[in-house]
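Student: First, the structure itself, so that you have it in front of you.
The values are calculated or read from the model by the stated rules, or taken from the named source; none is laboratory data. Computed from a predicted structure; not experimentally measured. Positions of Cβ are backbone-derived with ideal geometry, glycine not excepted, and every protein chain shown enters the neighbour counts. The protein model used for the area step is the full one, side chains on, heavy atoms only, and it has no ligands, DNA or RNA in it. Shrake-Rupley method; radii C 1.70, N 1.55, O 1.52, S 1.80 Å.
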Amino acid sequence: MKSLTLLAPLLLCVTLLCSSLNVASDSAAEALAILKWKASLQSQNHSVLLSWNTSNDPYTKTSPCAWFGIHCNHADSVTKINLTGYGVKGTLHLFPFLSLPNLAELDLSTNELYGIIPPKISQLSKLTYLDLSFNQFSGKIPPEISHLVHLQTLHLAGNQLNGSIPREIGQLKFLTGLAYRLVSLLLYNNSLSGPIPPELGNLRNLVEVDLDTNRQTGPIPSTFGNLKKLTVLHMFSNSLSGPIPSELGNMESLSEISLYHNNLSGLIPTSFGDLRHLTLARLYGNQLSGPIPVEIGNLNSLVDLELSENQLNGSIPASLGNLSNLEILFLRDNLLSGSIPNEIGNLMKLSMLELDHNNLTGNLPQGIYRGGSLEYFTANDNQLTGPIPQGLKNCTRLKRVYLERNRLKGNLSEDLGVYPNLKFSELSDNEFYGEVSSNWGNNLSGKIPAEIGNSRQIQRLDLSSNHLVGEIPKEIAKLTSLLDLRLNGNQLSGSVPLELGLMSKLLYLDLSANQLSKSIPETIGNLFMSFYLNLSINQFSQRIPIQVGKLTRLVQLDLSHNMLSGEIPGEFQSLQSLETLNLSHNNLSGEIPASLEKLRGLYTVDISYNELQVQELGRNKGLCGNARGLPPCTPFSKKGHNNNKTVLVVMFSLLSVSCLLNSSIALLFAFKRKKDTDEERQSNASDEIFFSVTPFNGRILYKEITRTTKEFDAKYCIGKGGYGNVYKAELSSGDVVAVKKFHPLHTGEMADQRQFLNEVIPS
């Protein structure tokens, strides 16, 4: 017995020693397995991985616990790997899934990992947190991920994953988040397709679901109504269809729902009125119909309500006036009718209100500006009548106001106040009157006051089609933020101030249809950013300044119907972005510059009714006409030939060839149109932006422009026209560009749209 007592401590020491040797052996095995994966990486020499190496001491076992980004438990077994955002490049093919039995957290997000997500990931049996987001993984989400029964957070967003969401994910009933118990399933920004599995409704602990910006189709599963803890539901920018399930009204914890840019139809469920914690609801860009539910007025926590671009009808419910926390209300581009309810004036925090492009009638509510917080207000393209509310005079925070194309009345000289933050306003096509103010202006008379130069924040000034007289004040050049200046269709006279050349940010300048005279100032060549310049229908004389050749971003130039003389400047050869040139009805003389034919972007030229010499035209290959020495013109073939050769068509307004030197000539430059057989491009044509031939690559810029304009939000709009809207976009390079987004075309116009792209984008 005594001998056994003596042996006990010895046995304990042996046991501890064996245990220690086993732990050391396991830790070394994990280290070697991790090093094998490191060796497969293209970034194995990355500074953060330099600590991943074997020990130089032969008596010391290699342990990964001191390596960067790796955490261990008390037994020196790896429990966490975090390499987020360190530029790791490679695949997971040799990742030691089976060799890390205690790994609970794996965060490899925001790196350059690619290839598939291996099915062997299911061997990480203790994994609770998995984040592989913002890499370049492709292929399908492995169904084996459902074997991770302890998984709490699954983040796979921002990759190139395709295929459908595995139904097996619905078996992860323990899927909950870690930080602040936020439950999250993030699969957004991939190429996932197919229907959303109804089995996701089994994950009753979910708090956040982000499936947006994929290619999901089919209906929204009604089983989502089971997610009573869900606070965020994002499914926007997919191709979901069918009605919004009324069961979503059971998600009693929901604070954000974004379903915009889908193909959802039917009614907005009245059960939405039960979502008492809802702060954000974005349902715009669908095909929803019927009235706006009165029950929406029960959502006292609502801050942002966006229902634009649907087919909603009926009147705006007065109950919306109960939304005391509402800051953003977008109802534009629907079929809403009736009057704007006076209760809208109760929304004291409202800063953005968009009601344009509906069938609204009646007066603007007197209290609509009562809260004093309104900054953006659009009600254009309705049938509104009556005066501007008196409260507008005191709404000094206004930045944008669009009320054009209504039947509003009143004396703007009396109804409008001072707006130091105003950037854009449009009041045209109403029945306003009064003398122009330094603060506002549209459909007015009198002179443009010098004080207009004090409105330094204005970016768009449209005083077109009024009865303005006198000279353009030189103080207008103080508007250093101005991007768009339209003074056309007035009775302005005198010369264009030299100071106009100081407006270096100007993109769009229209002074046409006035009585401006003397010479075009040379300083106009300083408007380097301009893409549109129209000085037509005035009384300008003398030569065209050669400095116009510096405007290399010009797309349209119209100097027609003036009294300009001299030659067409050879410097025009620098206008490589030019598409339309009109110099007709002047007194221009000399030869037509051969350099015009070298302008690759040029689509239309009109130089008729001048005194230009054309006797050398016959030497131009491809020139045709009904004059001696020129071959006859043949009609354009609809199919055409697949080439980019320029065709010049000469039309003579006088019948006598003997009067050729003094005849009227119009040169029309057109590129042969190429047949585009890409059917996908045709189906998506209405969503594209048309870029002119500029130093920018329009297709590469498309994503950046949609990002900086927040998918062409109205607050970035600087101009509206019959064919489309112009938006301001500030690029990451610091450049500010104006982009015209055309309205969707009819089916019969799609072919012409493809041809237009072929004409303006060099192959």
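Student: Scan the range 251-267 and tell me whether some residue there is among the small types (Gly, Ala, Ser) and in a helix (DSSP H, G or I).
Tutor: Let us first name the residues in the range 251-267 that are among the small types (Gly, Ala, Ser), namely 253, 255, 258, 265-266.
Subset that is in a helix (DSSP H, G or I): none.
No, because not a single residue in the range 251-267 is among the small types (Gly, Ala, Ser) and in a helix (DSSP H, G or I).
Student: For Gly489, are the conditions met, namely being surrounded by fewer than 15 Cβ atoms within 10 Å (Cβ to Cβ) and over 12 Å from Ile458 (Cα atoms)? Before the answer, list the steps.
Tutor: On the way: surrounded by fewer than 15 Cβ atoms within 10 Å (Cβ to Cβ): no; over 12 Å from Ile458 (Cα atoms): yes.
When the stated conditions are applied, Gly489 does not pass them.
Student: Moving on. May I ask you to list the residues in the range 536-584 that are open to solvent by 70 Å² or more (accessible area, probe 1.4 Å) and not β-branched (Val, Ile, Thr)? Show your work before the answer.
Tutor: Taking the range 536-584 and keeping what is open to solvent by 70 Å² or more (accessible area, probe 1.4 Å), we get 537, 539, 542-543, 546, 550, 556, 561, 563, 567, 571, 573, 576.
If the condition is that a residue be open to solvent by 70 Å² or more (accessible area, probe 1.4 Å) and not β-branched (Val, Ile, Thr), then Gln539, Gln542, Arg543, Lys550, Gln556, His561, Met563, Glu567, Glu571, Gln573, Gln576 are the ones that fit.
Student: Further, regarding this structure: Sort out which residues of the range 85-95 are part of a loop (DSSP other than H, G, I, E, B) and either in contact with a Lys or Arg (Cβ under 7 Å, 6 or more places away or on another chain) or open to solvent by 40 Å² or more (accessible area, probe 1.4 Å) (or both), and write them in order of number.
Tutor: As a first pass, look at the range 85-95 and keep what is part of a loop (DSSP other than H, G, I, E, B): 85-88, 91-95.
Passing the criteria: Gly85, Tyr86, His93, Leu94.
Student: Residues that are of a type in the set (Gly, Ala, Ser) and modelled with pLDDT of 95 or more: find the strands (runs of 3 or more DSSP E) completely inside the range 321-422 holding 3 or more of those. Can you show your working first?
Tutor: Details: elements: 328-330, 335-339, 352-354, 359-362, 376-378, 383-387, 400-402, 407-411.
Qualifying strands (runs of 3 or more DSSP E): 335-339.
Student: Let me ask something additional. Looking only at the range 132-162, count how many residues are crowded, with 20+ Cβ neighbours inside 10 Å and under 19 Å from Val88 (Cβ atoms).
Tutor: The qualifying residues number 11.
Student: Which strands (runs of 3 or more DSSP E) does the range 186-247 wholly contain that include 3 or more residues that are surrounded by fewer than 21 Cβ atoms within 10 Å (Cβ to Cβ)? Break it down into steps so the answer makes sense when it comes.
Tutor: Values: elements: 191-194, 208-210, 215-218, 232-234, 239-242.
The strands (runs of 3 or more DSSP E) meeting that bar are 191-194, 215-218, 239-242.
Student: Still on this model: Can we say Lys38 is of a type in the set (Lys, Arg), over 30 Å from Gly115 (Cα atoms) and either open to solvent by 70 Å² or more (accessible area, probe 1.4 Å) or modelled with pLDDT of 50 or more (or both)? Let's see the steps before the verdict.
Tutor: Details: of a type in the set (Lys, Arg): yes; over 30 Å from Gly115 (Cα atoms): no; either open to solvent by 70 Å² or more (accessible area, probe 1.4 Å) or modelled with pLDDT of 50 or more (or both): yes.
It is false that Lys38 is of a type in the set (Lys, Arg), over 30 Å from Gly115 (Cα atoms) and either open to solvent by 70 Å² or more (accessible area, probe 1.4 Å) or modelled with pLDDT of 50 or more (or both).
Student: On to the next question. Between a first residue in the range 329-356 that is at positive phi and a second residue that is open to solvent by less than 20 Å² (accessible area, probe 1.4 Å), which pairs have beta carbons less than 6 Å apart while being 6 or more apart in sequence or on different chains?
Tutor: These pairs meet every condition: Asp333/Ser308.
Student: Next question. On the given criteria, is Ala33 farther than 20 Å from Asn135 by Cα, open to solvent by less than 70 Å² (accessible area, probe 1.4 Å), modelled with pLDDT under 90 and part of a helix (DSSP H, G or I)? Explain how you work it out, then say what you get.
Tutor: Numbers: farther than 20 Å from Asn135 by Cα: yes; open to solvent by less than 70 Å² (accessible area, probe 1.4 Å): yes; modelled with pLDDT under 90: no; part of a helix (DSSP H, G or I): yes.
Criteria not met by Ala33.
Student: Let me ask something additional. Taking the range 716-733 as the region of interest, how many residues are modelled with pLDDT of 70 or more and open to solvent by less than 50 Å² (accessible area, probe 1.4 Å)?
Tutor: 8
Student: If you scan the range 560-591, which residues turn out to be at pLDDT 95 or above and under 15 Å from Leu602 (Cβ atoms)?
Tutor: Residues satisfying the conditions do not exist here.
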